[in-house]
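Here the structure comes first, spelled out in C-alpha coordinates, and everything after it is commentary.
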Amino acid sequence: MMNNTGPAVAVKGLRVVRGKRRVIPGLDLEIPGGQVVGLLGPSGSGKSTLMRCIVGVQIIESGTVTVLGHPAGSTVLRDRVGYVTQSPSVYADLSVRDNVAYFARAVGLRGADQREAVDRTLVEVDLVSHADSLVQDLSGGQGSRVSLAAALVGRPSLLVLDEPTVGLDPVLRRDLWDLFRQLAERGHSLVVSSHVMDEAARCDRLILLREGRILADVTPPELLEQTGAVDADAAFLALIDAETARSGERSAS
Ligand SMILES: Nc1ncnc2c1ncn2[C@@H]1O[C@H](COP(=O)(O)OP(=O)(O)OP(=O)(O)O)[C@@H](O)[C@H]1O
Ligand SMILES: [Mg+2]
(Lines give C-alpha, C1' and ligand atoms only; values in the text may rest on other atoms or scores of the structure.)
(Ligands and ions follow the chains in the order given, each with its own letter.)
Protein backbone atom coordinates (compact mmCIF):
# COMPACT_ATOMS: atom_id res chain seq x y z
CA MET A 1 0.00 0.00 0.00
CA MET A 2 1.05 3.53 -0.70
CA ASN A 3 1.34 6.09 2.02
CA ASN A 4 -1.65 8.31 1.36
CA THR A 5 -1.39 10.62 4.34
CA GLY A 6 -0.63 14.20 3.45
CA PRO A 7 -0.50 15.73 0.01
CA ALA A 8 1.68 14.21 -2.70
CA VAL A 9 3.06 17.66 -3.47
CA ALA A 10 2.96 20.90 -1.47
CA VAL A 11 4.23 24.09 -3.08
CA LYS A 12 4.60 27.32 -1.08
CA GLY A 13 5.58 30.73 -2.37
CA LEU A 14 7.31 29.30 -5.43
CA ARG A 15 9.09 31.77 -7.68
CA VAL A 16 11.09 30.69 -10.70
CA VAL A 17 13.14 32.74 -13.14
CA ARG A 18 14.16 31.23 -16.47
CA GLY A 19 16.41 33.28 -18.70
CA LYS A 20 15.38 36.85 -17.95
CA ARG A 21 11.73 36.05 -17.28
CA ARG A 22 10.00 35.32 -14.00
CA VAL A 23 7.97 32.39 -15.31
CA ILE A 24 6.42 31.48 -11.95
CA PRO A 25 5.78 34.65 -9.97
CA GLY A 26 4.62 33.16 -6.65
CA LEU A 27 2.65 29.95 -6.54
CA ASP A 28 0.94 28.01 -3.75
CA LEU A 29 -0.48 24.58 -4.46
CA GLU A 30 -1.33 21.27 -2.86
CA ILE A 31 -1.66 18.15 -4.98
CA PRO A 32 -3.55 15.35 -3.20
CA GLY A 33 -2.21 11.81 -3.20
CA GLY A 34 -3.85 8.88 -4.98
CA GLN A 35 -5.35 10.99 -7.74
CA VAL A 36 -4.83 11.80 -11.39
CA VAL A 37 -4.20 15.54 -11.46
CA GLY A 38 -4.21 17.30 -14.81
CA LEU A 39 -1.96 20.28 -15.38
CA LEU A 40 -3.41 22.35 -18.19
CA GLY A 41 -2.57 25.67 -19.73
CA PRO A 42 -1.43 27.40 -22.89
CA SER A 43 2.02 26.85 -24.35
CA GLY A 44 4.55 28.72 -22.22
CA SER A 45 2.27 28.91 -19.16
CA GLY A 46 4.79 27.07 -16.99
CA LYS A 47 3.54 23.47 -16.93
CA SER A 48 6.93 21.91 -17.68
CA THR A 49 8.66 24.37 -15.35
CA LEU A 50 6.34 23.43 -12.47
CA MET A 51 6.93 19.74 -13.19
CA ARG A 52 10.70 20.32 -13.17
CA CYS A 53 10.31 21.95 -9.74
CA ILE A 54 8.35 18.93 -8.47
CA VAL A 55 10.99 16.46 -9.60
CA GLY A 56 13.76 18.72 -8.29
CA VAL A 57 15.65 19.57 -11.47
CA GLN A 58 14.72 23.26 -11.68
CA ILE A 59 16.67 26.01 -9.92
CA ILE A 60 14.14 28.08 -8.00
CA GLU A 61 14.36 31.68 -6.88
CA SER A 62 12.43 31.19 -3.64
CA GLY A 63 9.74 29.11 -1.98
CA THR A 64 9.48 25.45 -1.07
CA VAL A 65 8.41 22.35 -2.95
CA THR A 66 7.70 19.32 -0.75
CA VAL A 67 7.15 15.93 -2.37
CA LEU A 68 5.85 12.95 -0.38
CA GLY A 69 6.98 14.79 2.75
CA HIS A 70 10.52 15.53 1.56
CA PRO A 71 12.12 18.49 -0.19
CA ALA A 72 11.84 18.04 -3.99
CA GLY A 73 14.93 16.41 -5.43
CA SER A 74 15.93 14.65 -2.16
CA THR A 75 17.86 11.40 -2.58
CA VAL A 76 15.12 9.49 -0.73
CA LEU A 77 12.71 10.44 -3.51
CA ARG A 78 14.87 9.01 -6.29
CA ASP A 79 13.03 5.67 -6.46
CA ARG A 80 9.67 7.14 -5.48
CA VAL A 81 9.19 9.72 -8.21
CA GLY A 82 8.98 8.83 -11.92
CA TYR A 83 9.33 11.59 -14.50
CA VAL A 84 8.68 11.56 -18.21
CA THR A 85 9.91 14.70 -19.96
CA GLN A 86 8.39 16.18 -23.09
CA SER A 87 11.38 15.01 -25.15
CA PRO A 88 12.55 11.37 -25.26
CA SER A 89 14.73 10.40 -22.31
CA VAL A 90 15.66 6.85 -23.29
CA TYR A 91 18.58 5.36 -25.22
CA ALA A 92 18.02 5.33 -28.99
CA ASP A 93 20.63 2.62 -29.63
CA LEU A 94 19.17 0.11 -27.14
CA SER A 95 16.16 -2.11 -27.65
CA VAL A 96 12.85 -1.31 -25.98
CA ARG A 97 13.29 -4.20 -23.53
CA ASP A 98 16.89 -3.26 -22.68
CA ASN A 99 15.84 0.32 -22.00
CA VAL A 100 13.06 -0.67 -19.63
CA ALA A 101 15.36 -3.24 -17.95
CA TYR A 102 18.01 -0.54 -17.51
CA PHE A 103 15.55 1.71 -15.66
CA ALA A 104 14.29 -1.26 -13.62
CA ARG A 105 17.86 -1.98 -12.54
CA ALA A 106 18.36 1.68 -11.67
CA VAL A 107 15.58 1.42 -9.06
CA GLY A 108 17.02 -1.80 -7.61
CA LEU A 109 15.00 -4.52 -9.35
CA ARG A 110 17.00 -7.69 -10.03
CA GLY A 111 16.50 -11.20 -11.44
CA ALA A 112 12.95 -12.53 -11.71
CA ASP A 113 11.48 -9.36 -10.13
CA GLN A 114 13.12 -7.29 -12.81
CA ARG A 115 11.94 -9.56 -15.65
CA GLU A 116 8.37 -9.58 -14.31
CA ALA A 117 8.32 -5.79 -13.91
CA VAL A 118 9.67 -5.30 -17.45
CA ASP A 119 7.19 -7.77 -19.00
CA ARG A 120 4.21 -6.27 -17.14
CA THR A 121 5.20 -2.74 -18.12
CA LEU A 122 5.67 -3.63 -21.80
CA VAL A 123 2.12 -5.01 -21.79
CA GLU A 124 0.79 -1.86 -20.11
CA VAL A 125 2.29 0.46 -22.72
CA ASP A 126 1.45 -1.94 -25.57
CA LEU A 127 5.00 -2.48 -26.79
CA VAL A 128 5.31 -6.28 -26.47
CA SER A 129 5.48 -6.69 -30.24
CA HIS A 130 8.33 -4.13 -30.43
CA ALA A 131 10.25 -5.33 -27.37
CA ASP A 132 13.32 -6.23 -29.42
CA SER A 133 13.30 -3.20 -31.73
CA LEU A 134 15.86 -0.47 -31.26
CA VAL A 135 14.26 2.74 -29.99
CA GLN A 136 15.70 4.65 -32.97
CA ASP A 137 13.59 2.45 -35.29
CA LEU A 138 10.27 3.26 -33.58
CA SER A 139 7.59 5.78 -34.50
CA GLY A 140 7.22 8.94 -32.39
CA GLY A 141 4.29 7.59 -30.40
CA GLN A 142 6.04 4.28 -29.78
CA GLY A 143 9.14 6.14 -28.59
CA SER A 144 7.17 8.20 -26.10
CA ARG A 145 5.68 4.98 -24.73
CA VAL A 146 9.19 3.66 -24.09
CA SER A 147 9.88 6.76 -21.97
CA LEU A 148 6.64 6.13 -20.11
CA ALA A 149 7.59 2.48 -19.53
CA ALA A 150 10.97 3.57 -18.18
CA ALA A 151 9.26 5.79 -15.60
CA LEU A 152 6.55 3.24 -14.75
CA VAL A 153 8.65 0.12 -14.33
CA GLY A 154 9.74 0.89 -10.75
CA ARG A 155 6.14 1.64 -9.69
CA PRO A 156 6.98 5.07 -8.24
CA SER A 157 4.56 6.58 -5.70
CA LEU A 158 4.40 9.78 -7.75
CA LEU A 159 4.45 9.88 -11.54
CA VAL A 160 5.04 13.20 -13.25
CA LEU A 161 4.19 12.94 -16.94
CA ASP A 162 4.78 15.86 -19.26
CA GLU A 163 2.35 15.53 -22.19
CA PRO A 164 2.57 11.73 -22.34
CA THR A 165 -0.14 11.32 -24.96
CA VAL A 166 1.18 13.66 -27.66
CA GLY A 167 1.35 11.87 -30.99
CA LEU A 168 -0.74 8.90 -29.86
CA ASP A 169 -3.87 7.74 -31.63
CA PRO A 170 -7.24 7.88 -29.81
CA VAL A 171 -7.21 4.18 -28.89
CA LEU A 172 -3.78 4.35 -27.31
CA ARG A 173 -4.66 7.59 -25.54
CA ARG A 174 -7.74 5.98 -24.06
CA ASP A 175 -5.74 2.92 -22.98
CA LEU A 176 -3.10 5.06 -21.34
CA TRP A 177 -5.70 7.07 -19.46
CA ASP A 178 -7.24 3.78 -18.29
CA LEU A 179 -3.79 2.79 -17.04
CA PHE A 180 -3.38 6.13 -15.21
CA ARG A 181 -6.75 5.53 -13.56
CA GLN A 182 -5.76 2.02 -12.45
CA LEU A 183 -2.50 3.33 -11.01
CA ALA A 184 -4.37 6.00 -9.04
CA GLU A 185 -6.79 3.37 -7.74
CA ARG A 186 -3.78 1.43 -6.45
CA GLY A 187 -2.69 4.54 -4.54
CA HIS A 188 -0.20 6.10 -6.94
CA SER A 189 -0.31 9.85 -7.47
CA LEU A 190 -0.11 11.18 -11.00
CA VAL A 191 0.47 14.66 -12.34
CA VAL A 192 -0.17 14.73 -16.08
CA SER A 193 0.17 17.78 -18.30
CA SER A 194 -1.88 18.04 -21.43
CA HIS A 195 -2.99 20.36 -24.18
CA VAL A 196 -5.89 18.12 -25.04
CA MET A 197 -8.93 19.33 -23.20
CA ASP A 198 -10.96 16.15 -23.62
CA GLU A 199 -8.35 14.51 -21.41
CA ALA A 200 -9.29 16.98 -18.67
CA ALA A 201 -12.53 15.12 -18.07
CA ARG A 202 -10.53 12.01 -17.17
CA CYS A 203 -8.71 13.71 -14.29
CA ASP A 204 -9.80 13.77 -10.64
CA ARG A 205 -8.58 17.32 -10.34
CA LEU A 206 -7.51 20.04 -12.74
CA ILE A 207 -4.96 22.76 -12.27
CA LEU A 208 -5.22 25.45 -14.91
CA LEU A 209 -2.10 27.55 -15.32
CA ARG A 210 -1.65 30.80 -17.13
CA GLU A 211 1.57 32.81 -17.09
CA GLY A 212 2.79 30.84 -14.10
CA ARG A 213 -0.33 31.55 -12.05
CA ILE A 214 -3.16 29.22 -11.09
CA LEU A 215 -6.39 30.17 -12.86
CA ALA A 216 -8.32 27.29 -11.32
CA ASP A 217 -7.74 24.29 -9.08
CA VAL A 218 -10.98 22.32 -9.37
CA THR A 219 -12.62 19.01 -10.17
CA PRO A 220 -13.89 18.64 -13.78
CA PRO A 221 -17.58 19.01 -12.72
CA GLU A 222 -16.70 22.13 -10.68
CA LEU A 223 -14.96 23.61 -13.72
CA LEU A 224 -18.09 23.24 -15.84
CA GLU A 225 -20.35 24.45 -13.04
CA GLN A 226 -18.26 27.55 -12.31
CA THR A 227 -18.05 28.63 -15.93
CA GLY A 228 -21.39 27.35 -17.24
CA ALA A 229 -19.47 25.91 -20.19
CA VAL A 230 -20.35 22.68 -21.97
CA ASP A 231 -16.85 21.23 -22.11
CA ALA A 232 -13.37 21.79 -20.73
CA ASP A 233 -12.21 23.67 -23.83
CA ALA A 234 -14.99 26.24 -23.52
CA ALA A 235 -14.54 26.42 -19.73
CA PHE A 236 -10.85 27.13 -20.07
CA LEU A 237 -11.44 29.89 -22.61
CA ALA A 238 -14.12 31.39 -20.35
CA LEU A 239 -11.66 31.48 -17.45
CA ILE A 240 -8.96 33.07 -19.59
CA ASP A 241 -11.40 35.72 -20.84
CA ALA A 242 -12.57 36.46 -17.29
CA GLU A 243 -8.96 36.78 -16.11
CA THR A 244 -8.04 39.04 -19.02
CA ALA A 245 -11.04 41.27 -18.21
CA ARG A 246 -10.03 41.41 -14.52
CA SER A 247 -6.42 42.31 -15.26
CA GLY A 248 -7.68 44.98 -17.70
CA GLU A 249 -9.81 46.47 -14.89
CA ARG A 250 -6.85 46.35 -12.50
CA SER A 251 -4.53 48.19 -14.89
CA ALA A 252 -7.25 50.77 -15.74
CA SER A 253 -7.85 51.64 -12.07
N1 LIG B 1 15.49 26.71 -21.01
C2 LIG B 1 14.81 27.83 -20.89
N3 LIG B 1 15.45 29.03 -20.77
C4 LIG B 1 14.78 30.18 -20.64
N5 LIG B 1 13.43 30.24 -20.59
C6 LIG B 1 12.76 29.11 -20.70
C7 LIG B 1 13.39 27.85 -20.84
N8 LIG B 1 12.45 26.89 -20.91
C9 LIG B 1 11.28 27.53 -20.82
N10 LIG B 1 11.45 28.85 -20.68
C11 LIG B 1 10.39 29.87 -20.55
O12 LIG B 1 9.62 29.55 -19.42
C13 LIG B 1 8.22 29.78 -19.67
C14 LIG B 1 7.44 28.54 -19.29
O15 LIG B 1 7.85 27.47 -20.13
P16 LIG B 1 7.34 25.98 -19.92
O17 LIG B 1 8.21 25.13 -20.74
O18 LIG B 1 7.27 25.71 -18.46
O19 LIG B 1 5.87 26.09 -20.52
P20 LIG B 1 4.82 24.94 -20.84
O21 LIG B 1 3.54 25.36 -20.20
O22 LIG B 1 5.38 23.63 -20.48
O23 LIG B 1 4.67 25.09 -22.42
P24 LIG B 1 4.37 23.94 -23.53
O25 LIG B 1 2.90 23.68 -23.44
O26 LIG B 1 4.73 24.63 -24.81
O27 LIG B 1 5.21 22.76 -23.24
C28 LIG B 1 8.12 30.20 -21.13
O29 LIG B 1 7.94 31.58 -21.18
C30 LIG B 1 9.43 29.80 -21.72
O31 LIG B 1 9.82 30.70 -22.74
MG1 LIG C 1 5.86 21.99 -21.58
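The values are calculated or read from the model by the stated rules, or taken from the named source; none is laboratory data. This structure is a prediction, so every number in the text was calculated from the model and none was measured. With ideal geometry, Cβ positions are generated from the backbone for all residues, glycine too; neighbour counts draw on all protein chains shown.
Some points to look at:
- Applying the condition of being among the charged types (D, E, K, R) and within 16 Å of ligand 2 (Cβ to nearest atom) to region 12-31 and asking which residue is surrounded by the fewest Cβ atoms within 10 Å (Cβ to Cβ) yields ARG21.
- Scanning region 32-45 for residues that are in contact with a Leu (Cβ under 7 Å, 6 or more places away or on another chain) and either more than 16 Å from ligand 2 (Cβ to nearest atom) or within 16 Å of LEU161 (Cβ to Cβ) (or both) gives VAL36, VAL37, GLY38, LEU39, LEU40, GLY41.
- Residue check, LEU50 in the same structural domain as MET197 (by TED's automatic domain parsing) and on the phi < 0 side of the Ramachandran plot: yes
- Residues that are buried (at least 19 other Cβ atoms within 10 Å of the Cβ) and more than 28 Å from GLU124 (Cα to Cα) do not occur anywhere in region 186-203.
- Single condition GLU30 does not satisfy, out of (1) within 16 Å of ligand 1 (Cβ to nearest atom); (2) closer than 26 Å to LEU183 by Cβ; (3) modelled with pLDDT of 95 or more: (1)
- Residue within region 185-194 that is free of Cβ contacts under 8 Å to residues at least 60 places away in the same chain and within 16 Å of ligand 2 (Cβ to nearest atom) present: no
- Any hit, region 226-238, residues being under 21 Å from VAL23 (Cβ atoms) and either without any contact (Cβ under 8 Å) to a residue 12 or more places away in the chain or surrounded by 13 or more Cβ atoms within 10 Å (Cβ to Cβ) (or both): yes
- When residues of region 35-64 are limited to those that are of a type in the set (Gly, Ala, Ser) and in contact with a helix residue (DSSP H, G or I) (Cβ under 6 Å, 6 or more places away or on another chain), the one nearest to TYR83 (Cα to Cα): GLY38
- Test set (1) within 16 Å of ligand 2 (Cβ to nearest atom); (2) within 29 Å of VAL107 (Cβ to Cβ) - GLY73 fails condition number: (1)
- Within region 5-34, residues that are within 24 Å of LEU77 (Cα to Cα) and in the same structural domain as VAL218 (by TED's automatic domain parsing) sit with their Cβ atoms under 9 Å from residues that are within 16 Å of ligand 1 (Cβ to nearest atom) and polar (S, T, N, Q), at 6+ positions apart or across chains, in these pairs: VAL16/THR49; VAL16/GLN58; ILE24/THR49.
- Some residue of region 87-102 being outside any loop (DSSP other than H, G, I, E, B), small (Gly, Ala, Ser) and touching a Gly at 6+ places or on another chain (Cβ under 8 Å): no
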